[in-house]
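Below you'll find the structure, written out as structure tokens, and then a few comments.
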Amino acid sequence: MADQDRFARIAMTVARGLGRLGRERARAGEVTPQQAETLQLLAERGALSTSTLATLLGIDPSTASRNLAGLERAGFITRKKGADDGRQTDIRLSPRGKRTADAVTGEAQQAYAGLVDKLPRGDRAKVIEALEVLARALDGGQSDAS
């Protein structure tokens, strides 16, 4: 149980710190942190349904719908009937959304990469490997974190 408690404390500290970085980079742009995450998911995975986006973001479908409505009004996304299922709506990035997702991702990568410089050189590879394992666990084994 001691390992679990220690991990929980460390994970909460890391989550707060990464969340702070995320909020700072989103504030510097033109979208909220949740909108930035939505745009990044669409850039990484292509067209997604509202329910899939909600699941990936860990939010209710109604919250995802409101989020998407704002992104659509601002011209970041488009919605089209699904090719496989006419009842489903596929969410896609508009050219503006793609540019914004790329900018947010680039800023995030710079911010996170800057953290590596704060790690002792001898620990960097171990930390990166541990984060890859954690990313796979969080992503249900589907992470492509390399």
Cβ pairs under 7 Å, 6+ apart, first in the range 103-131 and farther than 18 Å from Ile10 by Cβ, second of a type in the set (Lys, Arg): Val104/Arg25; Glu107/Arg25; Ala108/Arg25; Ala111/Arg25
Taking the condition of being closer than 26 Å to Gln34 by Cβ, at pLDDT 90 or above and either loosely packed, with under 11 Cβ neighbours inside 10 Å or of a type in the set (D, E, K, R) (or both), how many residues in the range 91-135 meet it? 7
Regarding Lys80, is this residue in contact with a Ser or Thr (Cβ under 9 Å, 6 or more places away or on another chain), basic (Lys, Arg) and either loosely packed, with under 14 Cβ neighbours inside 10 Å or farther than 18 Å from Arg45 by Cα (or both)? yes
Determine if the range 73-82 includes at least one residue that is assigned to a helix (DSSP H, G or I), over 16 Å from the mean Cα position of the chain (by Cα) and touching a residue at least 12 places away in the same chain (Cβ under 8 Å). no
Six or more apart or on different chains, Cβ atoms under 8 Å: show the pairs whose first residue is in the range 5-24 and touching a residue at least 40 places away in the same chain (Cβ under 8 Å) and closer than 14 Å to Leu115 by Cα and whose second is surrounded by 11 or more Cβ atoms within 10 Å (Cβ to Cβ) and of a type outside the set (S, T, N, Q). Leu18/Tyr112; Leu21/Ala108; Leu21/Ala111; Leu21/Tyr112; Gly22/Pro33; Gly22/Ala36; Gly22/Glu37; Gly22/Ala108
Between residues in the range 42-57 that are within 18 Å of Ala69 (Cβ to Cβ) and residues that are β-branched (Val, Ile, Thr) and at pLDDT 90 or above, which pairs lie under 6 Å by C-beta distance while being six or more apart or on different chains? Leu48/Ile91
Restricting attention to the range 24-57, and to residues there that are modelled with pLDDT of 90 or more and not in a helix (DSSP H, G or I), which single residue is surrounded by the fewest Cβ atoms within 10 Å (Cβ to Cβ)? Gly46
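The values are calculated or read from the model by the stated rules, or taken from the named source; none is laboratory data. Just so we're clear, the structure is a prediction, and the values are computed from it rather than from any experiment. Ideal geometry is used to build each Cβ from the backbone, glycine not excepted, and the neighbour counts take in all protein chains shown.
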